[in-house]
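The values are calculated or read from the model by the stated rules, or taken from the named source; none is laboratory data. Not measured: the values here are computed from a predicted model. Reconstructed Cβ throughout: ideal geometry from the backbone, glycine too, with neighbour counts over all protein chains shown.
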Amino acid sequence: MLRLTVQPSASPRFYRFGPNVLDCLRGVLWQEGVEVPLTPRVLDILVTLVRHHGEVVTKDDFMRLVWQGAAVEDNNLARQISTLRKLLHERPDQREYIATVAGQGYRFVGTVTAFDELPDDLLPLVGRTRAATAGGDHGAPPTGVTTSVDANASAAPVAAVASAAAFGTSPAAATAEAPAAPPATIAQDGHASPRARNTVQTALLVGAAASLLILLATAWPDAPTNAAPVSRALWQVTYGPGAQVSSAWSPDGTKLALASDHDGNFDIWIHGLGDEEPRRLTDEPAHDWQPDWSPDGAWIAFRSERSGGGIYVVPAEGGRERRIAAFGSAPRWSPSGRHLLFTQAAPGATGAVKPFIAGLDHAPPRRVDHPALADLQIAAVAWAPDGRLSAWGRTGTRWRFVTVPIDAAGPVTESVVPEALQSDAAPVLGAFRWNPAGRFLYFEGRSDGIRNLWRVTVNPVTLAWTGVPERLTVGPGNDILPAPSPDGSRLAFSVDTSRPALWAFPFDAARGVLTADGEPLVAGEPGRSGADATSDGTRVLYRVQRADRQEIWLWHQTHGARPLVSRRGWNHSSPRLSHDDHLVAYQSSRRTIDAGTERRIVVLDLRDGTPRESVLVNLTGDQQIVPSDWSRDNGTILAACRPRAGASFGICTIAVDRPHQQRMLTARANVHLYQARYSPDQKWISFIGVPASDPSVSTIYIVPAEGGEWLALTDGTAYDDKPRWSPDGRVLYYVSNRDGRFEVWGRRFEPETGRVVGDAFRVTSFEGSRRILSPYLADMEMIVTADRLFLPMYEVSSRIWMLDQVDH
């Protein structure tokens with residue numbers, strides 16, 4: 001048989017990965033100067049994988065390249081791969097070099113450097129006697145360095161969507177595809193330990209971890225400095241096509257249940273941490289995701305979008321699926337396994353989560369409304385190790401962490417939150433999970449637009465927080481959905497690299513029908529939001545978030561994109577174009593040292609090709625005015641207005657020639673009114689009303705342009721937002737999560753009589769697509785023209801990663 005290792009001219013001779021050096025000419029593998037005994041078949045498999053590092057090598061490839069087409073038992077390749085993994089000292093739950101790609105083959109994922117000749121600095125890694133024979137004169141400088149590949153830097157996104165649906169948060173989009181962990185410690189003899197070497201190799205995947213750690217050290221000056229550094233290994237768990245998200249551990253810690261869209265839509269899969277192939281558990285056209293494994297290992301709960309959406313359970317070994325609740329997200333089993341906790345949340349809003357519990361006894365779900373939570377605007381909830389419910393949220397402007405029994409009886413514990421977390425400079429903490437022993441809390445945290453994982457140390461007896469949060473991942477990725485292992489030593493999490501983009505769909509606005517598939521207009525990049533378009537759809541305005549500034553950009557279908565406004569320290573509301581496309585209105589604000597927050601209404605004139613910015617009015621005190629539309633003659637701006645702190649937002653008008661004289665058009669106590677828009681004939685105004693007592697729902701209303709009685713278009717049982725008129729004024733389009741996910745809906749209206757006609761109808765259906773409508777309503781807008789529908793979309797991408805020693 002022609003051996004692959006005897007082809008010195010076909011590929012580089014030497015390959016280095018970790019502490020290993022492979023000589024393909026002589027067929028020798030060294031590990032730190034010790035020759036590793038390899039059978040010819042195992043050696044050929046290793047050479048094939050290394051020479052194709054970063055690529056999937058299928059079973060057919062191995063049969064052709066290694067076995068030369070000979071007949072082979074079905075499990076022969078798997079046995080040879082298992083032997084090779086043991087020789088490379090891979091742990092069953094850590095694939096540092098060889099990853100299984102479900103249903104396809106294997107990929108070499110280690111960082112590989114190839115050489116035609118062995119350089120001097122690799123001599124300590126090979127046997128000197130053998131090296132002199134194999135490598136020639138090593139006194140010469142290295143030549144023929146052909147490649148240095150980071151095979152782990154592969155992309156991975158709906159993770160952010162799953163997180164936001166459960167906890168009402170809007171993530172900063174990821175700018176890189178792999179997280180980073182703190183660097184390895186060095187042993188007393190000056191050499192890195194084997195675990196330390198692995199961690200350093202992983203840190204090289206993302207780069208610049210040391211710089212980020214310096215920033216971390218200065219961010220929390222009160223943090224203890226005498227703790228010994230911890231070496232934590234970080235590795236990627238899932239590979240292959242599509243996205244993988246929302247991992248949950250089996251009780252024995254050997255498997256993960258996760259959501260994967262390998263076949264185009266999300267289903268629940270069981271992913272072993274050993275050599276076994278992933279196993280599909282659900283198979284539905286609609287998305288199944290957010291799994292959680294019961295403590296006894298018998299059941300897996302998950303969120304499904306089928307039949308209107310809800311919480312389902314399925315036997316962990318497969319079987320009949322059963323719906324537990326017709327609503328809710330992010331199911332979590334209680335420590336006893338008797339209850340499921342899940343949430344209903346307002347989209348894109350912090351502090352609007354409602355917790356519910358249900359069991360397998362067919363009893364209806366019930367809301368957890370303990371009196372201790374009455375004044376808490378909940379941002380996230382989780383089971384505490386003792387079976388109580390922990391809630392993280394705000395009362396007023398202060399963050400609180402409260403643990404309550406699920407029934408009225410039982411102790412209530414409020415943990416003291418460090419004062420450093422109450423400041424604007426602190427990371428914004430969101431979804432969290434408890435360490436099984438009750439010693440740590442693992443949070444999603446956003447700081448400077450980057451979402452990473454943070455750890456809070458807790459006294460397991462008093463639940464008091466000790467010290468300040470410690471950053472566990474320091475890469476620029478979007479690290480979300482932490483899941484601690486049953487023994488508490490490891491943390492599985494999702495690295496989300498979804499990127500939003502503004503899409504244009506051909507649309508018949510009169511009939512409410514999409515006439516063709518859409519295409520992206522503004523490429524997905526982090527920090528883009530709040531779009532508005534000209535009446536013909538040829539130009540689009542949007543905001544762009546840059547580190548310390550928020551800019552307003554203009555995209556033109558012929559000339560591309562350019563910035564119109566860029567000023568350090570200022571933030572802007574979504575820009576609103578006038579109907580003749582000449583003027584733009586928005587609120588600008590900035591924090592000042594002595595005056596709190598400075599706000600003003602700004603008008604941007606786009607005529608003559610040179611944008612000119614002018615201040616229409618400076619706001620006083622805690623007054624807020626957020627422009628939402630213009631009158632046809634450009635003489636009036638329609639806006640959401642709040643006269644003072646603590647008051648509800650109402651709908652007001654501002655005369656452009658008398659901007660200090662604002663008129664409150666309509667308002668209602670304890671209901672916030674937003675998103676006001678004139679009808680095309682200027683006789684009606686549409687808007688949404690959000691009750692202050694329950695911001696997880698909203699209602700779309702219509703009111704006469706001069707004020708009067710409100711006419712409800714929706715029933716207030718879901719979150720309905722962004723009402724937009726069709727150009728003929730006879731249909732009002734909006735986004736709604738009434739089916740559990742966000743879609744575009746429509747409702748017909750007679751402008752002559754002011755009557756609603758017929759039932760609401762759905763316009764879009766993205767439930768089985770990897771492309772979904774953005775759920776982060778605080779940052780998104782919908783635009784309707786006569787022939788196009790503009791929507792902010794997410795092309796989901798995500799991978800599962802693992803971090804160990806998180807309990808040290």
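Numbers for the structure displayed
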quantity: Filter pass, THR597 being among the β-branched types (Val, Ile, Thr) and under 31 Å from the mean Cα position of the chain (by Cα); calculated: yes
quantity: Matching option when the condition is of a type in the set (Lys, Arg) and under 14 Å from the mean Cα position of the chain (by Cα), among ARG788, ARG799; calculated: ARG799
quantity: Elements of type strands (runs of 3 or more DSSP E) contained in the range 658-728, each with 3 or more residues being touching a Cys at 6+ places or on another chain (Cβ under 7 Å); calculated: 658-666
quantity: Residues within the range 234-252 that are outside any strand (DSSP E or B) and in contact with a strand residue (DSSP E or B) (Cβ under 8 Å, 6 or more places away or on another chain), tallied; calculated: 8
quantity: Scan of the range 417-454 for residues that are in a strand (DSSP E or B), under 18 Å from THR395 (Cβ atoms) and small (Gly, Ala, Ser), ordered by number; calculated: GLY430
quantity: Residues (surrounded by 21 or more Cβ atoms within 10 Å (Cβ to Cβ), hydrophobic (A, V, I, L, M, F, W, C) and touching a Gly at 6+ places or on another chain (Cβ under 8 Å)) located in the range 731-762; calculated: VAL731, LEU732, PHE749
quantity: Number of the condition not met by GLU35 [criteria: (1) exposed (fewer than 14 other Cβ atoms within 10 Å of the Cβ); (2) in a loop (DSSP other than H, G, I, E, B)]; calculated: (2)
quantity: Among (1) modelled with pLDDT of 90 or more; (2) assigned to a loop (DSSP other than H, G, I, E, B); (3) touching a strand residue (DSSP E or B) at 6+ places or on another chain (Cβ under 7 Å), the one test that GLY297 misses; calculated: (3)
quantity: Residue among THR457, THR462 that is surrounded by fewer than 20 Cβ atoms within 10 Å (Cβ to Cβ), more than 14 Å from the chain's Cα centre (by Cα) and not in a strand (DSSP E or B); calculated: THR462
quantity: Filtered residue count, the range 85-140, keeping only those that are at pLDDT below 75, over 32 Å from the mean Cα position of the chain (by Cα), surrounded by 14 or more Cβ atoms within 10 Å (Cβ to Cβ) and in a loop (DSSP other than H, G, I, E, B); calculated: 3
quantity: Yes/no for ASP694 being buried (at least 22 other Cβ atoms within 10 Å of the Cβ), in contact with a strand residue (DSSP E or B) (Cβ under 9 Å, 6 or more places away or on another chain) and of a type in the set (Asp, Glu); calculated: no
